[in-house]
Amino acid sequence: VFFFQAEDGIRDAQESRGLGDVYKRQGLYNQQQFTHYSGQNVTHISRKQCVLAAIETQLAEFKVMCPNRKVGLVTFNDEVVISGDGFKQPLIIAGDKLNKFEEIVDIVGKGSSELMSQPIISSYESLINQFKKLQEKGQTALGPALLASVILASKGNPGSSVILCTDGLSNRGLGDLSISDNDDTALQFYTRVGQVAKDNHLVVSLITIAGEQCKTDILSQVVDLTNGNVTRVNPKDLGKDFAEILKDEIIATGVEIEVQLHCGLKFAEENPAFLLNEGTLFKKAIGNVTLSSEYAFQYRLKEDEEMARDKIDLQLSLIHI
């Protein structure tokens, strides 16, 4: 599992007096914080603190339940910092390299073995310390960070996951969404990254902050291609949503589905590209399947006279890795 966290808008709190569990979002000097009221105590809790609490909780659970699982961290602002398991010096992608697809693939591919060598039982403290050091600055190089994370995860076992958590619009490097005229180019980029993830049997999920504009419709191309989840949350609910995504384990990769209908039936509302044998055979590469995956299809009679039949055959075939 690979967590990665957007830096644009994630800041340290300016005031902290006590702890609480009911928060209200407010703006303070253009910083996003959450305030808890309890008698005379006031607690300002930043997004960074909310995210850190969510990640600490999940990593602590992994350390006990899945001690040999490998977890990596990739962070981004106006540059991409690939910390991996936190044991080695991070790789940094910045400047013109943020616009070069193949160069990012090459950089991450060459350094992946050293960056992801330790299981979570050994890397827990290093990962938490890496996250605590983060500071907000500059822009949001989300696209390059997503690509780097997918390449890093692809070096692991099939069924690995990437969770992208962002509260800002991608506005630097590949996949820049800050200029409307660039949306088509950005869509091609995210579709390409999604295909790389799918080919390597990865699941990519997206968590965005409620109320922020991230152009989820474009980012979700990666999610759709890999059968991940898109979730919009309040920062205080991040822990629950991380847990829900991680609980939805991958049970098969490289799944292909074939459904053969009786000659008197035909599929309804399906893409013709997936239909063969005069519309009676549906064949599609699904990719990854999780515990909650569902796939539904509709079919109907070709001719009214088929209604007279007492029995109509249906065949289903599933192939997976």
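The values are calculated or read from the model by the stated rules, or taken from the named source; none is laboratory data. This structure is a prediction, so every number in the text was calculated from the model and none was measured. As a convention, Cβ positions derive from the backbone with ideal geometry for all residues, glycine included, and neighbour counts pool all protein chains shown. Surface areas here come from the heavy atoms of the whole protein model, side chains and all, with no ligands, DNA or RNA. Shrake-Rupley method; radii C 1.70, N 1.55, O 1.52, S 1.80 Å.
Going by a ≥ b ≥ c, the root eigenvalues of the Cα gyration tensor, does the range 123-168 fall in the rounded group (a/c under 1.5), the prolate group (a/b larger than b/c) or the oblate group?
Details: a/c = 2.50, a/b = 1.22, b/c = 2.05.
It comes out oblate by the Cα gyration axes.
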* Structure fact -> The set of residues whose placed amide H lies less than 5 Å from the amide H of R232, leaving out same-chain residues fewer than 5 positions away, is T208
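If R0 is 30 Å, what FRET efficiency do you get for N234 and Q315 from their C-beta distance, rounded to 0.05?
Details: r = 46 Å, r/R0 = 1.54.
With R0 = 30 Å, the Cβ-Cβ based efficiency is 0.05.
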* Structure fact -> Classified through the alpha carbon gyration tensor (a ≥ b ≥ c as square roots of its eigenvalues; rounded if a/c is under 1.5, else prolate when a/b is larger than b/c, else oblate), the range 62-194 comes out prolate
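Cross-link list K155/K283; K215/K284; K88/K133; K63/K132; K88/K132: which exceed 26 angstrom alpha carbon to alpha carbon? Don't jump to the answer; show the numbers that get you there.
On the way: K155/K283 29 Å; K215/K284 28 Å; K88/K133 15 Å; K63/K132 19 Å; K88/K132 16 Å.
Long pairs (Cα-Cα over 26 Å): K155/K283; K215/K284.
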* Asked: What is the packing order of peptides 139-145, 65-71, 168-174, 273-279, taking the mean over residues of other C-beta atoms within 10 Å and listing the highest first?
  -> 139-145, 168-174, 65-71, 273-279
* Expressed as a whole number of Å, what is the distance separating the alpha-carbon centroids of the range 98-170 and the range 245-301? -> 33 Å
* Would you tally the net charge around I120, using a Cβ to Cβ cut-off of less than 11 Å, leaving I120 out, and scoring K and R as +1, D and E as -1? => 0
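With a 10 Å radius around each residue's Cβ, average the other Cβ atoms per peptide and rank 159-165, 116-122, 216-222, highest first.
Values: 159-165: 23.6, 116-122: 17.9, 216-222: 19.9.
Descending packing order for the listed peptides: 159-165, 216-222, 116-122.
Within the range 57-144, what whole-number % of the accessible surface is contributed by carbon and sulfur, with the 1.4 Å probe and all protein chains included in the calculation? If you can, show how the numbers build up before the last one.
Values: 1950 of 4200 Å².
Accessible surface attributable to carbon and sulfur in the range 57-144 totals 47 percent.
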